[in-house]
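The values are calculated or read from the model by the stated rules, or taken from the named source; none is laboratory data. If you're wondering where the values come from, they're calculated on a predicted model, not measured in any experiment. Every residue, glycine among them, receives a Cβ derived from its backbone with ideal geometry; neighbour counts consider all protein chains shown. Remember, those area values only see protein heavy atoms, side chains included, never the ligands or the DNA or RNA. Shrake-Rupley method; radii C 1.70, N 1.55, O 1.52, S 1.80 Å.
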Amino acid sequence: MYHQIDVPPPKGTRLRGSTVHPARFKSQMRWLKRLGYQGVSLSELAPYLTGEKQGKVVGITFDDGYDNVYRNALPILTELGFSSTNFIVTNELAGQNHWAQLTGSPMAQLMSIEQIRDWHHQGQEIGSHTASHIHLDKTPKEQALTELTQSKYVLEHILQTEVGAFCYPYGSESQEARQWVAQAGYRIATSTQRGLANATDDVMALPRVNILRSTHLIHFLRKIMTQYEEQKRAAKA
Ligand SMILES: [Zn+2]
């Protein structure tokens, strides 16, 4: 789970931790490749979880659809032949991260329709992150379903292809919310719960590994290649 790929803002800036330097991201991706891993999108990951496919794969996701991910991560992913999923807030096409600015984060530009199309055409996946970045577990059913179906429809209209991947804003989910996501027609969804996704996880709420500005290479590899994140998950359960 990545958010922004850019030169991190100054010390003391809110959410500075979720901006990974492009050089660090490049090094992380190159190490995955060197170690024999294939970076895949969330939808491409699905058959590996069910056991239909076998291999060394790492699902790569980006939340919120930042312009800096398009500019700084896409060339590296393309160079390595990796795919990934970028989750878009459809009421903010070419807009801003207003929801994060409300709590003091700096403004960040979000991808335009042209960038979303190009992301998809370059072999990457586009998923939904709702229409307006809502807390799904605090939203009434009708409104939640509208957010889920509307964002899916908008993205499918832009891309002229099925959009099956979803990501819960703020990691905010519940058993009920998972049912709404499935009801809206999504096939796979991811939360912010820590852990390495496996066959026993609910495909409507797969756990992730959070990669931050401060995640240095050894820690990155420990998170991906060892049971470190699974121990963290067990400790929380
Ligand atoms: Zn988000």
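Per-residue answers, yes or no, for (1) closer than 20 Å to residue 2 by Cα; (2) open to solvent by less than 20 Å² (accessible area, probe 1.4 Å); (3) among the small types (Gly, Ala, Ser):
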residue	(1), (2), (3)
188	yes, yes, no
193	yes, no, no
205	yes, yes, yes
222	yes, no, no
237	no, no, yes
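Scanning the stretch 148-159 for residues that are without any contact (Cβ under 8 Å) to a residue 60 or more places away in the chain and within 16 Å of the ligand (Cβ to nearest atom) gives a single hit, 148.
Scanning the stretch 30-51 for residues that are of a type in the set (S, T, N, Q), part of a helix (DSSP H, G or I) and within 13 Å of the chain's Cα centre (by Cα) yields a count of 1. Condition first: farther than 24 Å from residue 97 by Cα, of a type outside the set (D, E, K, R) and surrounded by 19 or more Cβ atoms within 10 Å (Cβ to Cβ). Now tell me which residues in the stretch 170-185 satisfy that. Of everything in the stretch 170-185, those that are farther than 24 Å from residue 97 by Cα, of a type outside the set (D, E, K, R) and surrounded by 19 or more Cβ atoms within 10 Å (Cβ to Cβ) turn out to be 180, 184.
Looking only at residues that are under 17 Å from residue 76 (Cβ atoms) and either of a type outside the set (Val, Ile, Thr) or more than 14 Å from the ligand (Cβ to nearest atom) (or both) in the stretch 9-24, which one is farthest from the chain's Cα centre (by Cα)? Filtering first and then ranking leaves 23. Contact map, the stretch 213-227: first residue closer than 15 Å to residue 22 by Cα, second residue of a type in the set (D, E, K, R) and surrounded by 13 or more Cβ atoms within 10 Å (Cβ to Cβ), Cβ cut-off under 7 Å, separation 6 or more or different chains; pairs are 213/16. Residues in the stretch 160-184 that are outside any helix (DSSP H, G or I), within 16 Å of residue 138 (Cβ to Cβ) and either in contact with a Cys (Cβ under 7 Å, 6 or more places away or on another chain) or away from the ligand (no atom under 16 Å from the Cβ) (or both): 174 alone. If you filter the stretch 56-71 down to residues that are in contact (Cβ under 8 Å) with a residue 24 or more places away in the chain and in a strand (DSSP E or B), you find that the one that is farthest from the ligand (Cβ to nearest atom) is 58.
For (1) hydrophobic (A, V, I, L, M, F, W, C); (2) buried (at least 18 other Cβ atoms within 10 Å of the Cβ); (3) within 17 Å of residue 170 (Cα to Cα); (4) within 15 Å of the ligand (Cβ to nearest atom), each residue gets a yes or a no:
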| site | (1), (2), (3), (4) |
| --- | --- |
| 86 | no, yes, yes, yes |
| 90 | no, yes, yes, yes |
| 115 | no, yes, no, no |
| 122 | no, no, no, no |
| 129 | no, yes, yes, yes |
| 141 | no, no, no, no |
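Criterion first (small (Gly, Ala, Ser), open to solvent by 20 Å² or more (accessible area, probe 1.4 Å) and under 24 Å from residue 148 (Cβ atoms)) does residue 94 satisfy it? So residue 94 fits the description; yes. Of the residues making up the stretch 72-108, just one is part of a strand (DSSP E or B) and either aromatic (Phe, Trp, Tyr) or farther than 19 Å from residue 167 by Cα (or both), namely 87.
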